[in-house]
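The values are calculated or read from the model by the stated rules, or taken from the named source; none is laboratory data. The model shown is predicted, which means the values in this text are computed figures rather than measured ones. All Cβ positions, even for glycine, are placed from backbone atoms using ideal geometry, and neighbour counts span all protein chains on display. Accessible surface is based on the protein model in full, side chains and every heavy atom, while ligands, DNA and RNA are left aside. Shrake-Rupley method; radii C 1.70, N 1.55, O 1.52, S 1.80 Å.
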Amino acid sequence: MAKTGALRHDRIELAPVVLFLVGEPVLGDRAVSRLIERALERNPATAVTKIDAEQYAAGQLAAAVGPSLFAEPNVVAASNLQKMSDAFLADALEYVAAPEEDVVLIARHDGGTRGRRLLDAIAEAGYQRCEIPAVKTDADKAELVRSDVAGAGRTMTRPAVEALVDALGRDVGELLAATSQLLADVDGTIDEDAVRTY
């Protein structure tokens, strides 16, 4: 088990319990998806179950993590912990104290004080956690764009990055979607003209 301390989302490993403290929803979506993909790469037979902690009914977690007919590994992605029902809190506290083998519980909390007992229990048990802060400044948005472009093995000029952030920086999801579209549509280095045309 990886011990305490906040890790970057790309450093998070598959573990019995992983906590994402999310300030930027689109990056939270990416982080959870990346961890699920990693589990499926490790074993394509992995069962993936999604649970909404706000709509949760008692016993759902136990049913999701219970052994399957073919004993394949399991990923349970629990979202909306910031709005969790009392039933989820009770079941999750019990589960975190004694997690199942071959199960990864991904717990996503998008801010606020609801569920603090569970967050504290996860921290005290030493499970991995990742803090994904809100993206507020243009510099942070530009860094996200550059990171996506570099991750695709491509380059984008500084004026192009600035033009894209100026045009779509109000919404991080739109900004990253536009970056993906430019990567798909433009060959070679992405320059300011390509952004203006887009």
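A few notes on this one:
- Percent carbon-and-sulfur accessible area, the range 117-192, ignoring ligands, DNA and RNA, probe 1.4 Å: 46 percent
- Among Gly188, Leu175, Ala163 the positive-end extreme of the charge dipole of the range 159-198 (Cβ point charges): Leu175
- Alpha-carbon Debye profile of the chain, log10 I(q)/I(0) at 0.10, 0.13, 0.15 Å⁻¹: -0.49, -0.75, -0.91
- Ranked by how many other beta carbons lie within 10 Å on average, peptides 27-36, 42-51, 142-151 from highest: 27-36, 142-151, 42-51
- Nearest-0.05 FRET efficiency for Arg38 and Leu93, computed from C-beta distance (R0 25 Å): 0.45
- What the phi angles of the range 133-148 give under the Karplus curve with 6.51, -1.76 and 1.60, with θ = phi - 60°, is a coupling list of x, 5, 9, 10, 8, 4, 4, 5, 5, 5, 5, 4, 4, 4, 5, 5 Hz, glycine and proline written as x.
- Each residue was assigned an accessible area with a 1.4 Å probe, and for Tyr198 the value is about 120 Å².
- Here's how it looks for Ile190: its modeled amide H is under 5 Å from those of Thr155, Met156, Thr157, which are all 5 or more places away or on a different chain.
- Less than 5 angstrom separates the built amide H of Val48 from those of Val75, all sequence-distant by 5 or more or on a different chain.
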